[in-house]
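Right, one structure below, let's go through it.
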Amino acid sequence: MAPRGSSPCASYMVVLGSLLLMAASIAAAGNFYQDFDVTWGGGERAKIFNRGLLLSLSLDRVSGSGFRSKKEYLFGRIDMQLKLVAGNSAGTVTAYYLSSQGPTHDEIDFEFLGNLTGDPYILHTNVFTQGKGNREQQFYLWFDPTRNFHTYSVIWKPQHIIFLVDNIPIRVFKNAESVGVPFPKSQPMKIYSSLWNADDWATRGGLIKTDWSKAPFTAYYRNFQVTACTWSSGSSSCDIRRPSSYSGATWQVNELDANGRRRLRWVQKYFMIYNYCADLKRFPQGIPAECKRSRF
Ligand SMILES: *[C@@H]1O[C@H](CO)[C@@H](O)[C@H](O)[C@H]1NC(C)=O
């Protein structure tokens, strides 16, 4: 944490503070100091800059790094902008996910699998319910995720989970409790991210190893925004931090509209490279029940 609060110019600080507060409620960018704890890799590898508006994680031969939200959430919309490890990122994985705790935890995952310079990252997604995952879908991206920041979002509602990239839906996991598939709806989750070495499987299935001469590998985070119900000591409180763009909590509204469905089909047609629902070899006793209900 940056040292704060001991300024002699107290009134100036109060004015500045309230200006900052106003700016925060308009731009609503989260503050990494306020919203997250660095949980892995120490001060060297996980760094917060720009008065809390920018965070970087890095990986070197000794360790990766990671952070975790202070708050727990139960339903909501969560957006984060990431700029992934540039250049030769083969062997590295940047994981960004929501997870509850314990052996029957729920989890909503984005994992970015690095690659050699110029070769495409894979965006790997998964959903765990009651401790069980095996619901992978993988995508190439339609842009270079290392050149600029892009927004990766989760809309988590009792009816479904939607994964979005730059506001384009890439995956919908519907609530299929009616056919016996557990859905994440009662365990609050924190937001996590970590950057680590996974060169035993990440790039071309583990064929390409991490080139440590290129370390440290660094990914950047900014513009964390959350419109969610936070959870503390057993009760939920809905915290709407962007009233202008979420008047009436639009994230609670049902289903994708026609445009959203069209964009989802576009991503699934041109960019999806793996879908567990289509992997008949893997499920000889029949594809999972949630796959039968829809083409998602
Ligand atoms: C890396 O690039 C190769 C060659 O283009 C591609 O087959 C692979 O899917 C890419 N991504 C990963 C993470 O291996």
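The values are calculated or read from the model by the stated rules, or taken from the named source; none is laboratory data. Because the structure is a prediction, the values reported are computed rather than measured. Positions of Cβ are generated from backbone atoms using ideal geometry, with glycine treated the same way; all protein chains shown enter the neighbour counts. Remember, those area values only see protein heavy atoms, side chains included, never the ligands or the DNA or RNA. Shrake-Rupley method; radii C 1.70, N 1.55, O 1.52, S 1.80 Å.
Give me the net charge for the shell around T218: Cβ to Cβ below 11 angstrom, other residues only, Lys and Arg +1, Asp and Glu -1.
+3
R0 = 45 Å: FRET efficiency of S178 with D37, Cβ-based, nearest 0.05? Present the calculation step by step, with values, prior to reporting the outcome.
On the way: r = 38 Å, r/R0 = 0.85.
Between S178 and D37 the formula returns 0.75.
Just want to confirm a number: the relative contact order over the stretch 35-157, from Cα pairs under 8 angstrom separated by 6+ residues, in percent.
Numbers: 229 pairs, mean separation 27.4, N = 123.
Dividing the mean separation by the residue count of the stretch 35-157 yields 22 percent.
Once phi is turned into θ = phi - 60°, what whole-Hz ³J(HN,Hα) does the Karplus curve with 6.51, -1.76 and 1.60 give for every residue of the stretch 259-267, x standing for Gly and Pro?
Per residue, the Karplus-derived 3J(HN,Hα) values read 5, x, 5, 5, 5, 4, 5, 4, 5 Hz.
Would you mind telling me the share, in percent, of accessible area of the stretch 68-131 contributed by carbon and sulfur at probe 1.4 angstrom?
Roughly 48 percent, rounded to a whole number.
How large is log10 I(q)/I(0) at q = 0.07 Å⁻¹ when the Debye formula is applied to the Cα atoms of the stretch 27-293, each weighted equally and without solvent?
-0.24
Set the Förster radius R0 to 22 Å, insert the Cβ-Cβ distance between R282 and R204 as r into 1/(1 + (r/R0)^6), and round the FRET efficiency to 0.05.
Working from the Cβ atoms, E equals 0.65.
If I model a spin label at A258 and L116 as a point 7 Å from the Cα along the Cα→Cβ vector, what separation in nanometres do I get?
It works out to 4.6 nm between the two label points.
Once ligands and nucleic acids are excluded and a 1.4 Å probe is used, how much of W201 is accessible, expressed in Å² to the nearest 10?
90
Counting heavy atoms of the protein chains only and a 1.4 Å probe, report the per residue accessible area for the stretch 27-293 as a whole number of Å².
45
Solvent-accessible area of W212, probe 1.4 Å, all protein chains present, reported in Å² to the nearest ten, please.
60
So how far apart, in nm, are the two label points at K292 and N148 if each is 7 Å from Cα heading toward Cβ?
With each label placed 7 Å out from Cα toward Cβ, I get 4.4 nm.
Please list, in chain and number order, the residues 5+ apart from Y274 or on another chain whose amide H is under 5 Å from its amide H, with Hs placed from the backbone.
Q138
Residue separation times 0.36 nm, minus the C-alpha to C-alpha distance between N134 and K70: what's the value?
Value of the extension gain: 20.3 nm.
So what is the relative contact order of the stretch 27-293, in percent, for Cα pairs below 8 Å that sit 6 or more residues apart?
Rounded, it is 26 percent for the stretch 27-293.
Do any trypsin sites (Lys or Arg not before Pro) in the stretch 131-230 lie in a loop, going by DSSP, with at most 15 other beta-carbon atoms within 10 Å of their beta carbon, and if so which?
For trypsin sites (Lys or Arg not before Pro) across the stretch 131-230 that sit outside H, G, I, E and B with at most 15 neighbouring Cβ atoms in 10 Å, the list reads R147, K185, K209.
How many nm separate the modelled label positions at S237 and I168, each set 7 Å beyond the Cα in the direction of the Cβ?
3.9
Need one value: the accessible area of M189 in square angstrom, 1.4 angstrom probe, rounded to the nearest 10.
In the full protein context, M189 sits at about 0 Å².
For the stretch 27-293, with the dipole built from +1 on Lys and Arg beta-carbon atoms and -1 on Asp and Glu ones, taken about the Cα centre, which of L207, N148, Q268 lies farthest toward the positive end?
Q268
Short version: ³J(HN,Hα) in whole Hz for each residue of the stretch 175-180, in order, from phi by Karplus 6.51 cos²θ - 1.76 cosθ + 1.60 (θ = phi - 60°), x for Gly and Pro, what are they?
Listing the rounded values in order: 5, 10, 4, 5, 10, x Hz.
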